[in-house]
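Read the structure below first, then the notes.
The values are calculated or read from the model by the stated rules, or taken from the named source; none is laboratory data. Predicted model, so just to flag it, every value in this text is computed and none were measured. Cβ: placed from backbone, ideal geometry, glycine included. Neighbour counts: every protein chain shown.
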Amino acid sequence: MAKAQAPLMRSAAPQARAARVSQWLRRAANPNSSERQTLTLIGKSALVASVSWYIAHDLIGAQSPAFAPFSAVLIVQITAYQSLLQALRHVGAVSVGVSLQGAFGAFLGPNLLSFVLVALIAAFIGRWRRLGPQGSQVTTAAFFAFSTYAAAAGQSQGLRELGQIVLLVLIGCGVGVVVNVLVLPPMRYRSAEDGIHVLGQSLGDLAEDVCAALRRGELDKESTERWRYRAAQLGPMTAQAQTSVQTARESVHYHPWRVLGRWRGRPSFTGYQEVTDALERITYQMTSMTRSFDQWHDGEDRDGRGYRWFLVRYGDFLSCFAAVAEVFGRLDEDRLGEQCRELGAAVEELEEARGRLAEAAESGSPLPVSDPSEPYGILLAEAVRLLDEVEHAGDVLEQAVDRAGHQAAGRPGEGAR
């Protein structure tokens, strides 16, 4: 029997992979999804690297053109404000590292003693707090500069090539900043609103995938492991959303659209921090829930067939949660009043789904909720906690909207800016 099922399992594996690829592509079609953000960063990284390489290799004919695309890719993955700040730090760190090699190379030559001294001083300077995450580039640049200087035919040629390294870094940082600021500003960090979009969309996508599998009664180990992995990725997304909130005000001051007069003024809604904190708590519950599903396989009822109705009811509950997350996934400060009402209706449906789940658990065939080897009791508790966090998030958004409305009423002339 097992031998007969083996070919079927092998043939089903490619179909499952194809389905997952198709789901990923559908999510990538949504501009607010994390998959779209990943594709955007990949495309922009390739663009800045290509432009920097063309300038360094084809136009300048540099001996080490890779410095330009290397610097450009480092810059493109941060906010508009941080892009300028980190570009300055990167150029400063590289300039210090190269200058150390130029100074010691001119006096001592490219020998072991000069390398040791350069390494010690570069490592010491790299610890300077003002350089931030770019501090390590001091030693990196110093080592590359030492290699370049040692391979030069003479001292004058070595110094020219060291100057060329700094020029290439300036080119790479310049290209990275220009592309990052003017061409498709990073959606993941562009505003606090976009950070919430990514997080809400990711929560909804995960809930929809789990819901579809539960309704089909499919609870295989590969699926639950995939859910658990995707839930673990919500942590970095939450951190990115928090970062976007913290840097939103700084970014708007340095955005070129503001300089060109196309900025529409400070947003009237300032409750992004509270909403992000509430969503962060929801991600903790989703992570815990997917962990419980993954640990299902440690019990006796490993595929859930003994209580198929429970899986279907739980899938209905997660479907209602996906509708709640979808509202956060398209939060718009110009439609917050309407979206608060929409969110309230979605939360009410989630409460009803939770009630139906609890009623079925009490009136149907008895669930082994007290059996620690089975996840039924834990999953019921997870549903209650998830509902509590969703209700809290809805209250937080409503309160923030009311507060923003009062503030806007106190500044009647601000909206015309």
For segment 341-365, pairs from a residue that is of a type in the set (A, V, I, L, M, F, W, C) to a residue that is not in a helix (DSSP H, G or I), with Cβ under 9 Å and 6 or more apart or across chains, are Ala361/Leu367; Ala361/Val369
Task: Ala141 being modelled with pLDDT under 90, outside the structural domain of Leu318 (by TED's automatic domain parsing) and farther than 30 Å from Glu326 by Cα - done: no
Residue pairs within 6 Å by beta carbon, gap of at least six or interchain, first lying in segment 38-64 and in a loop (DSSP other than H, G, I, E, B), second polar (S, T, N, Q), listed first then second, are Ala62/Gln164
Return yes when Val116 is outside any loop (DSSP other than H, G, I, E, B) and buried (at least 19 other Cβ atoms within 10 Å of the Cβ) and no when it is not. no
In the set Cys173, Cys211, the lone residue that is within 30 Å of Asp58 (Cα to Cα) and at pLDDT 90 or above is Cys173
- prompt: What about Gly315, is it over 17 Å from Ser223 (Cβ atoms) and either at pLDDT below 90 or not basic (Lys, Arg) (or both)?
  reply: no
*asked:* Condition (residue is closer than 14 Å to Leu170 by Cα and assigned to a helix (DSSP H, G or I)) applied to segment 98-110: is it met by at least one residue?
replied: yes
Of the listed residues (Ala145, Ala103), the one being surrounded by 19 or more Cβ atoms within 10 Å (Cβ to Cβ), of a type in the set (A, V, I, L, M, F, W, C) and within 20 Å of Val91 (Cβ to Cβ) is Ala145
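Within the bounds of segment 171-178, is there any residue that is assigned to a helix (DSSP H, G or I) and not assigned by TED's automatic domain parsing to the domain that holds Val96? I'd like the intermediate steps shown before the answer.
At the first step, the residues of segment 171-178 found to be assigned to a helix (DSSP H, G or I) are 171-178.
Adding the requirement that they be not assigned by TED's automatic domain parsing to the domain that holds Val96 leaves none.
No, segment 171-178 contains no residue that is assigned to a helix (DSSP H, G or I) and not assigned by TED's automatic domain parsing to the domain that holds Val96.
Taking the condition outside the structural domain of Gln240 (by TED's automatic domain parsing), touching a residue at least 12 places away in the same chain (Cβ under 8 Å) and surrounded by 20 or more Cβ atoms within 10 Å (Cβ to Cβ), does Val166 pass? Outline the logic, then answer.
Numbers: outside the structural domain of Gln240 (by TED's automatic domain parsing): yes; touching a residue at least 12 places away in the same chain (Cβ under 8 Å): yes; surrounded by 20 or more Cβ atoms within 10 Å (Cβ to Cβ): no.
For Val166, the condition - outside the structural domain of Gln240 (by TED's automatic domain parsing), touching a residue at least 12 places away in the same chain (Cβ under 8 Å) and surrounded by 20 or more Cβ atoms within 10 Å (Cβ to Cβ) - is not met.
Out of the residues in segment 77-100 that are of a type in the set (Ser, Thr, Tyr) and surrounded by fewer than 22 Cβ atoms within 10 Å (Cβ to Cβ), state the one that is farthest from Gly154 (Cα to Cα).
Tyr81
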Residue set Leu331, Leu343; condition crowded, with 19+ Cβ neighbours inside 10 Å and either part of a helix (DSSP H, G or I) or at pLDDT 90 or above (or both); output residue Leu343
Exercise for review: Please tell me if Ala212 is in a helix (DSSP H, G or I) and assigned by TED's automatic domain parsing to the domain that holds Ala62.
Suggested key: no
